[in-house]
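These notes concern the structure reproduced below.
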Amino acid sequence: MADLKNMKGISEKDRELLAEAESLLGPEPSSMGIVKNYFWGRVREDLLFPYPDAISPEETARCDQLLAELEEYLAHEHPSSQIDQEQEIPRWVIDRLFSMGVLGMTIPKDHGGLGMGITSYNRVLEMIGSYCGSTAVVVSAHQSIGCKAVMLFGTDEQKERWLPHLAQDWLSAFCLSEPNVGCDAGGQETRCELSEDGEHYILNGEKKWATSGALSGLFTVMAKQKMADGKDKITALVCTPDMDGIDIFSKNRSKCGIRGTWQARIRFKDVRVPKANLMHKEGKGLNVALTCLNYGRCTLSAGMLGGAKRAMDQSTKWSQTRFQFKRPLSDFELVRTRVANMAALTYAMESVLYATTGFLDRHDEDIMVETAVCKTFCSEMGWRVVNDAMQIMGGEGYMTENEVERIFRDSRINLIVEGANEVMQTFVFGYGGKQLAEYMLPIKDALLWDGDQSFGENVSRLAKNGTNPKIMRVAAPLGLQIFLHVRGKTPKIKTLHPSLRPHAKRLAKQIRELSHQFKQASRMFEEKILERQAVQARLGDAAIYIHAFACTLGRLDKQLRQNADGPEFERDRAAAIHFFDIAVHEIERRFGEVYHNTDDTMLKAASSALSYNETLPADRFVIPERTPTDLRGKGRTPNQTGIKQFPGDAYADETSKGGTVETAERRSPDQQH
């Protein structure tokens, strides 16, 4: 199979980006997962249908019991509003969650946990998210990325040493982000090197946004290390807060939502990390990080689902009991549009989430695109649901005591963290379609005119390859599809409930069309498609909606085969069918926008807006603290008067005298010691 990095005409910057992405993601799995097959116009029925269910009845019963205990606590004792208003989760809440087993539920029983699977864990996160977004994030950060690294990559000795604490009394943190590192996980500036005696790693750098970092007994730190071949790669090291040279100089910053969570800033100055604290292997730290993200993207979705359901139920009840013009709001068609939209999107979110946890529980090999789809779909649709709920509630929805405004604030961050949705759209397109693109590339090189070759060279190459049966077996059907717009075969979906066959045919048609439109876009834009993120996002969105359609279809099939009935099921069935219509409408709109769009004027407008902004004085604006531009240090310092500060213990006196945490941040490390 061809290598996209060798495609003619791509810029050196794009070539480097492709090489770095391949290095980060590692080799392709031996078999393609569900979403990658959509790009080929295929359906992996064996993975999608019946709807995944890898949890035993015994575990389901244990989880049901835990959920009952948890809901009793959340409904009657948990201080959700206090946590939001005071911007802190009391320690007694953390202890209570440990005592119930919530904070150790995925840790094996022989290490003090409950030993439950990913689906059970996400059911718990969904319930917590319906009451308190802050608490859901703390639980997720601890188990999905904090201690998950130890569970998946730790040695037996590391597991024996750390997992019992992580199951019973220690929170954990994951230190990946930095002042200059957000979505670019490979851009780490924190570094480590092996000590002369070979017994320690010497760690230097700074981390940002480490959830629960100031409260944790253990954190996993990503750092660049120079390998034997001279190349820099990422290594994962486990640190504890008592190590010399670790300075948690900011415990938290006041923020818009999930206000009870604490995100630490941590400096590492010549920290001697024992070699026994190496997580996995040297240079394999990003493998640790990206694997853990598969789990974090699900639990983010679960918390979002819980909040969205709560907002939906509250606003739907409001629509039936709030009267205007002598009629309930629910009588009006535009309100019903929002009620239907909320029902359809929450049903689809739940379908995507628990299909994805099912893939993880049964250990599917190729699920990185599927977890990215889960995160992107659930965060975006959850935000839309909460926005609908806010609109239905009107002015009352904006009031703090009615909880919808808190869910509204807590939800917005989900479109940013665990991979910003714009990055995920292009990832689904790029990684989902990569193998198909590499399959098509040799045919292009063999049979299309090459402007870099002479007339004679082109004719000779085309004549030779055009009579090669091996090449033509592949090229002929591709040529029909790309140049004559002949669609490939529509995949068959055979295993669903008979009543769902019309919907299965609609899904199959859209899968065939995704493959066709991917090929057409590749022909139209050629190497320039690597720069055209708007085009990538449209096809990425189409794949996301297709997958949501498939998961929703599978879940409805499961309910029908279980002979579900009653008002709740009728709501679910109607919501699912409405979602099928929504999905097809959105997919076809994305396909149409590949050809008919406003990109030309958008690009001109963006360039003009950016050029004008460059004329504005920097001191009027907040500028990234580590910007590589010449505006570094020239921006406006935010006025933090009246904003609650969360200094590290060493800086508490400074803030009590009127200073801010940022005062400590701006001082050099030498001034701090």
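Quick check on my filter: what residues within region 310-358 are of a type in the set (Ser, Thr, Tyr) and open to solvent by 40 Å² or more (accessible area, probe 1.4 Å)? Correct list: Thr321, Thr337. Entry remark, region 522-545: residues being surrounded by fewer than 18 Cβ atoms within 10 Å (Cβ to Cβ), under 19 Å from Glu438 (Cβ atoms) and out of contact with any Ser or Thr (no Cβ under 9 Å at 6 or more places or on another chain) number 6 in total. For Arg15, indicate whether it is at pLDDT below 90 and open to solvent by 30 Å² or more (accessible area, probe 1.4 Å). It is true that Arg15 is at pLDDT below 90 and open to solvent by 30 Å² or more (accessible area, probe 1.4 Å). In this structure, does Thr426 turn out to be hydroxyl-bearing (Ser, Thr, Tyr), closer than 27 Å to Thr261 by Cα and open to solvent by 20 Å² or more (accessible area, probe 1.4 Å)? It is false that Thr426 is hydroxyl-bearing (Ser, Thr, Tyr), closer than 27 Å to Thr261 by Cα and open to solvent by 20 Å² or more (accessible area, probe 1.4 Å).
Residue-wise test of (1) part of a helix (DSSP H, G or I); (2) closer than 30 Å to Arg310 by Cα.
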{"position": "Val138", "(1), (2)": "yes, yes"}
{"position": "Ala149", "(1), (2)": "yes, no"}
{"position": "Arg161", "(1), (2)": "yes, no"}
{"position": "Pro164", "(1), (2)": "yes, no"}
{"position": "Glu189", "(1), (2)": "no, no"}
{"position": "Tyr201", "(1), (2)": "no, no"}
{"position": "Trp209", "(1), (2)": "no, yes"}
{"position": "Leu218", "(1), (2)": "no, no"}
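Being touching a Phe, Trp or Tyr at 6+ places or on another chain (Cβ under 9 Å) and surrounded by fewer than 20 Cβ atoms within 10 Å (Cβ to Cβ) is a property that does not hold for Glu77.
Of the numbered criteria (1) surrounded by 13 or more Cβ atoms within 10 Å (Cβ to Cβ); (2) more than 31 Å from the chain's Cα centre (by Cα); (3) at pLDDT 95 or above, the one Glu654 fails is (3). Look at (1) farther than 30 Å from Glu88 by Cα; (2) loosely packed, with under 13 Cβ neighbours inside 10 Å and you find that Ala618 fails only one, number (2).
Criterion applied to Lys159, Lys148, Lys231, Lys224 was being open to solvent by 30 Å² or more (accessible area, probe 1.4 Å), within 23 Å of Ile118 (Cα to Cα) and not aliphatic (A, V, I, L, M), and the one residue passing it is Lys159. Every condition in (1) open to solvent by 20 Å² or more (accessible area, probe 1.4 Å); (2) in contact with a strand residue (DSSP E or B) (Cβ under 9 Å, 6 or more places away or on another chain); (3) within 18 Å of Ser216 (Cα to Cα) is met by Lys269 except one, and the failing one is (3).
Among the residues that make up region 316-338, is at least one of them within 23 Å of Leu176 (Cβ to Cβ) and at pLDDT 95 or above? Looking for residues that are within 23 Å of Leu176 (Cβ to Cβ) and at pLDDT 95 or above, one finds none in region 316-338, hence no.
Among the residues examined, Val93 does not qualify as among the hydrophobic types (A, V, I, L, M, F, W, C) and open to solvent by 10 Å² or more (accessible area, probe 1.4 Å).
Residues in region 234-256 that are assigned to a loop (DSSP other than H, G, I, E, B) and open to solvent by less than 70 Å² (accessible area, probe 1.4 Å): Thr240, Pro241, Met243, Gly245, Ser254, Lys255.
Of the residues making up region 46-61, just one is closer than 26 Å to Phe98 by Cα and either in contact with a Pro (Cβ under 9 Å, 6 or more places away or on another chain) or buried (at least 18 other Cβ atoms within 10 Å of the Cβ) (or both), namely Ile55. Taking the conditions exactly as written (open to solvent by less than 20 Å² (accessible area, probe 1.4 Å) and within 21 Å of the chain's Cα centre (by Cα)), does Ala173 satisfy them or not? So Ala173 passes the test.
Looking at Ala173, is it more than 25 Å from His76 (Cβ to Cβ), in contact with a strand residue (DSSP E or B) (Cβ under 6 Å, 6 or more places away or on another chain) and in a strand (DSSP E or B)? In short, yes.
Here Met279 meets the list (1) of a type in the set (A, V, I, L, M, F, W, C); (2) open to solvent by 10 Å² or more (accessible area, probe 1.4 Å); (3) closer than 30 Å to Ser195 by Cα almost entirely, failing just condition (2).
Taken over region 96-116, the criterion of being in contact (Cβ under 8 Å) with a residue 12 or more places away in the chain, open to solvent by 60 Å² or more (accessible area, probe 1.4 Å) and closer than 26 Å to Glu157 by Cα is satisfied by no residue.
So in region 484-521, with the set limited to residues that are in a helix (DSSP H, G or I) and free of Cβ contacts under 8 Å to residues at least 24 places away in the same chain, which one is surrounded by the most Cβ atoms within 10 Å (Cβ to Cβ)? Per the criteria, the residue is Lys509. Scanning region 94-130 for residues that are in a loop (DSSP other than H, G, I, E, B) and either closer than 13 Å to Asp361 by Cα or touching an Asp or Glu at 6+ places or on another chain (Cβ under 6 Å) (or both) turns up Thr106, Gly115, Met116, Gly117. Taking (1) of a type outside the set (S, T, N, Q); (2) modelled with pLDDT of 95 or more; (3) open to solvent by 20 Å² or more (accessible area, probe 1.4 Å) in turn, Leu290 satisfies each apart from (2). The set of residues in region 551-587 being open to solvent by 90 Å² or more (accessible area, probe 1.4 Å), free of Cβ contacts under 8 Å to residues at least 60 places away in the same chain and not in a loop (DSSP other than H, G, I, E, B) consists of Pro567, Glu568, His585. Determine whether region 470-489 contains at least one residue that is small (Gly, Ala, Ser) and under 25 Å from the mean Cα position of the chain (by Cα). No, that holds for no residue.
If we scan region 204-212, do we find a residue that is touching a helix residue (DSSP H, G or I) at 6+ places or on another chain (Cβ under 7 Å), modelled with pLDDT of 95 or more and buried (at least 20 other Cβ atoms within 10 Å of the Cβ)? The answer is yes; a qualifying residue exists.
The values are calculated or read from the model by the stated rules, or taken from the named source; none is laboratory data. What you are looking at is a predicted structure, and each value in this text was computed from that prediction instead of being measured. Positions of Cβ are generated from backbone atoms using ideal geometry, with glycine treated the same way; all protein chains shown enter the neighbour counts. When the accessible area is computed, the model is the full protein with side chains, heavy atoms only, and any ligands, DNA or RNA have been set aside. Shrake-Rupley method; radii C 1.70, N 1.55, O 1.52, S 1.80 Å.
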